[in-house]
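Student: Before we start, here is the structure in question, set down as structure tokens.
Throughout, read-outs are computed from the coordinates displayed, never taken from laboratory work. Keep in mind it's a predicted model, so treat the numbers as computed, not measured.
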Amino acid sequence: MEDAGRFVVCNVDPGFERPNPWVLNLRADPHARVQLRRDVFDVTAREASAEEVDRYWPRLIQIWPAYQAFQRQGGKRSIFVLDPC
């Protein structure tokens with residue numbers, strides 16, 4: 001999801017899976033390269049603050065309603081904000 005020139009990415013595991021590797025990778029090293037269509041750019045990732053999670057969550061589940069279903073099953077939510085470098 002795009003928000004004011006940055007990107008917001010989300011993962012909710014269904015409650016019985018290990019965290020996705022990309023979540024672990026961003027926690028270990030917040031520097032990443034993103035490709036969106038033909039554009040490639042560098043970003044710095046950070047986990048969303050509690051305030052940002054509250055703001056982004058309704059929009060994220062509107063984009064992909066399964067996020068909410070997975071969280072209800074006990075899944076852990078990981079939301080990152082990607083700021084272009």
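Student: Explain nothing, just the number: relative contact order of the chain, from Cα pairs under 8 Å at least 6 residues apart, as a whole percent.
Tutor: Relative contact order of the chain: 49 percent.
Student: Tell me the angle of helix 50-63 to the major Cα principal axis of the chain, expressed in degrees between 0 and 90 and rounded to the nearest ten.
Tutor: The two axes meet at around 80 degrees.
Student: Can I ask one more? Run through every distinct alpha carbon pair of segment 1-73 and return the Kirkwood hydrodynamic radius in angstroms, one decimal place.
Tutor: Mean inverse Cα-Cα distance, inverted, gives 13.7 Å.
Student: Specify the inter-centroid distance of segment 12-35 and segment 54-85, based on alpha-carbon positions, in whole Å.
Tutor: Cα centres, segment 12-35 to segment 54-85: 13 Å.
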